[in-house]
Amino acid sequence: MAIKFEDVVDVFRTHPKQDRALVGFRRNFIVVSNLLALVVLLGLLVFSTVANYNQQVAEVNRALDAVVVEKLWEKGYDVTGHEEREDEEPSGKEPKNGIQIYPDGSGGIRLEDSLATPRNVEEDGIVATITYFCEPGKTPEVEGASANLSDEVIEQAVGLAVGYAQEDVGHISQGSIGILGLRYAAYIGEEGEVAAVFASGNFIKHSVVSLLVALGVTILGAQVLLFFASILLSYVAVRPLEESWKRQQRFVADASHELKTPLSVIMASNSLMQASPDATVASQKRWTDTIGNESARMLELVNDMLFLARSNSVASRAEFETLDFSQLVLGEVLQFESLAFERGVGLSENIMEGIYVRGEAKQLKRLVGILIDNACKYAGSGGEAEVVLLKWDITVVLHVRNNGPNIPEEDLPYIFDRFYRADKARNRQRGGFGLGLAIAKDVVETHSGTISASNEGEWTCFTVRLPYAVR
C-alpha cells in the first residue's frame, strides 16, 4: 500500500460529520505513535550519550592512571608486584577507578591491578597529557605531550589536584577540574612525593558532541520515516474500526427497513379500523389479524437482534455442557419432516451415532434448525435436502445441503452478513429478515467452530465444523 501525498493531507483535512470519528482516530493514532516513538528515540539518545560519556571518562581515567604508574616506575618506585599480601589490609579509601596502591616496608609502593605493564597513552591515541612529578626538596618536572598548558594553568591545576588528593595519600585520586576544563589523576606518597597527570576535557566533550550530532541526525531521519509509516499504519489500524462502523450503519439501516414495513402495515390497518368506529370486531377481523401478524414479525425481528447482541457473551459460554450432537441433529431433522413434506421437499439424513460436542443445547438446536429450514426453503417444491453428520479426526462436521438454485459466487463472501440476502430487492415471498445465517455464524463462532457456504455442482452446501468432545 503506497502512501500518496493526498493521503497525508487527508488526515489534516476537514471531513463530513460521519467521517470525523474515523479521521479523529487516525489523527490520534499518528500523534500518539509519533510521540511514543520520539520518547523512545530520545531515551535511546540519552542512554547512548550517558553510556558514551561514562565510557570515555573510564578510558581517560585508565589512561591517566597508566601515566601516573609509568612515571612512578620511571622514578624507581616498585609497581610491578600485584600479588595480595595476606598479612596486610588495604589502607585508605577505595579508589574511584578500582586501582589500589599500597605502601610497603621498603618505602616503595605496590599496585594491585591487572595492568602488567604501563600503557603508553600517546601511542594508544587516547588523550594528550601533561605530567607533573616532584619529590620533597627537588625541582618539579613537567613533561608535556601535545596538550599545551601555560605555567600558570599548570600551577593552578597542580594545586587543585594536590588539594583533592590530600585525603587519599598512598592512592591514586581522580577527578575533574571543571574551572580549568581538565581531568586529572594525582598520587601523593607517604614521603610527600607528588605525581600528577592532566588531560584536556575537550576530548570527552568533542566525543559526546560528535555522538549527539550523529544520533540526532539519525533520530530526525527515523522520526520523519516513522511519521509517514504511522500514516500508513493509521489506515491499517482504522480499517477494522471503519468496517465495524460501516456494518453498524448498514445494520441500523437494514433494521430500520425491516421494521418500517410492518409498522406501516400496522398503522395503515389501524387507520382503516378507526375509519369505521361503529363496525364490529368480527367485521374488522381482517385488519386485527394483519396487525397481529405484523406485530409477531416485529417481535421475531427484535428477538433475533437481541440474540445476536448477546450470543457471544461470557454468560452463554458458562452454560456449555457435553451434548450428544448426533441425537440433537436427528431430533431437529424429525421436527422438520412435516414442514418439508408440506413444501414438497425430500428431506434425508445420514447421521453418525455417538458424536459429542461441548455447547449450549438451545443455541445448537437453533443453528441446526436454521440450516435445515434454509435448505428446505430454497430447495423448492420437488427439490431435495440432505443432512450429513460425521466425525473427522478431532472435528465434528455437519453438512446441510439442497439442490435448489445455487448462491451466486459474488454473494458467497457476504452470505453470513446480517440482513444480507442474495435477492437485492429484499423479496419477502420466502419470509425472514436475512438474520438466520448471521445467527448461525454467531452460534458457531461462540462454540469455537467455523461455518462456510459453497456451490457443489447443482447442490448448495453449508458446512459447520465444531471441536469434538470426549464424553
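The values are calculated or read from the model by the stated rules, or taken from the named source; none is laboratory data. Keep in mind that this is a model prediction, so the values were computed, not measured. Cβ atoms come from the backbone with ideal geometry, glycine included; neighbour counts cover every protein chain shown. Side chains are part of the model used for accessible areas, which takes the heavy atoms of the whole protein and leaves out ligands, DNA and RNA. Shrake-Rupley method; radii C 1.70, N 1.55, O 1.52, S 1.80 Å.
Which one is most open to solvent (accessible area, probe 1.4 Å) among residues in segment 450-471 that are assigned to a loop (DSSP other than H, G, I, E, B) and in contact (Cβ under 8 Å) with a residue 40 or more places away in the chain?
Pass one, segment 450-471, residues assigned to a loop (DSSP other than H, G, I, E, B): 457-458, 468-471.
Checking the rest, the ones that are also in contact (Cβ under 8 Å) with a residue 40 or more places away in the chain come to 458, 468-471.
Values: 458: 120, 468: 74, 469: 10, 470: 120, 471: 212 Å².
Looking at the filtered set, the residue picked out is 471.
Would you point out the residue of segment 164-209, among those that are in a helix (DSSP H, G or I) and either farther than 30 Å from residue 44 by Cβ or small (Gly, Ala, Ser) (or both), that is nearest to the chain's Cα centre (by Cα)? Among those that are in a helix (DSSP H, G or I) and either farther than 30 Å from residue 44 by Cβ or small (Gly, Ala, Ser) (or both), it is 207.
Within segment 438-456, restricting attention to residues that are within 17 Å of residue 401 (Cα to Cα) and polar (S, T, N, Q), the residue that is farthest from the chain's Cα centre (by Cα) is 455. In segment 202-228, the residues that are within 23 Å of residue 183 (Cβ to Cβ) and touching a residue at least 12 places away in the same chain (Cβ under 8 Å) form Cβ pairs under 9 Å with partners that are of a type outside the set (S, T, N, Q) and exposed (fewer than 15 other Cβ atoms within 10 Å of the Cβ), at six or more places apart or across chains, as follows: 202/181. Against the list (1) closer than 28 Å to residue 143 by Cβ; (2) buried (at least 18 other Cβ atoms within 10 Å of the Cβ); (3) at pLDDT 75 or above; (4) among the charged types (D, E, K, R), the condition residue 110 fails is (3). If you check residue 62 against the conditions, is it at pLDDT below 80 and either surrounded by fewer than 13 Cβ atoms within 10 Å (Cβ to Cβ) or in a helix (DSSP H, G or I) (or both)? So residue 62 does not fit the description; no.
When residue 374 is tested against (1) open to solvent by less than 30 Å² (accessible area, probe 1.4 Å); (2) out of contact with any strand residue (DSSP E or B) (no Cβ under 8 Å at 6 or more places or on another chain); (3) of a type outside the set (Ser, Thr, Tyr); (4) within 19 Å of residue 437 (Cβ to Cβ), just one condition goes unmet, and that condition is (2).
The set of residues in segment 392-421 being open to solvent by less than 40 Å² (accessible area, probe 1.4 Å), assigned to a loop (DSSP other than H, G, I, E, B) and hydrophobic (A, V, I, L, M, F, W, C) consists of 407, 415, 416, 419. Quick test for you: out of 238, 252, 265, pick the one residue that is part of a helix (DSSP H, G or I), under 22 Å from residue 23 (Cβ atoms), touching a helix residue (DSSP H, G or I) at 6+ places or on another chain (Cβ under 8 Å) and β-branched (Val, Ile, Thr). So the residue among 238, 252, 265 that is part of a helix (DSSP H, G or I), under 22 Å from residue 23 (Cβ atoms), touching a helix residue (DSSP H, G or I) at 6+ places or on another chain (Cβ under 8 Å) and β-branched (Val, Ile, Thr) is 238. Restricting attention to segment 1-35, the residues being at pLDDT 85 or above and under 16 Å from residue 224 (Cβ atoms) number 5.
Scanning segment 210-241 for residues that are open to solvent by 60 Å² or more (accessible area, probe 1.4 Å), more than 18 Å from the chain's Cα centre (by Cα) and not hydrophobic (A, V, I, L, M, F, W, C) yields 210, 218.
Against the test of being open to solvent by less than 30 Å² (accessible area, probe 1.4 Å) and within 38 Å of the chain's Cα centre (by Cα), the options 389, 367 yield a single qualifying residue, 367.
Screening residue 140 against (1) modelled with pLDDT under 80; (2) within 30 Å of residue 214 (Cβ to Cβ); (3) not polar (S, T, N, Q) leaves a single unmet condition, (2).
Residue count for segment 172-190 satisfying the condition of being under 16 Å from residue 67 (Cβ atoms) and modelled with pLDDT under 80: 0.
Right, residue 280: among the β-branched types (Val, Ile, Thr) and in a helix (DSSP H, G or I) or not? The answer is no for residue 280.
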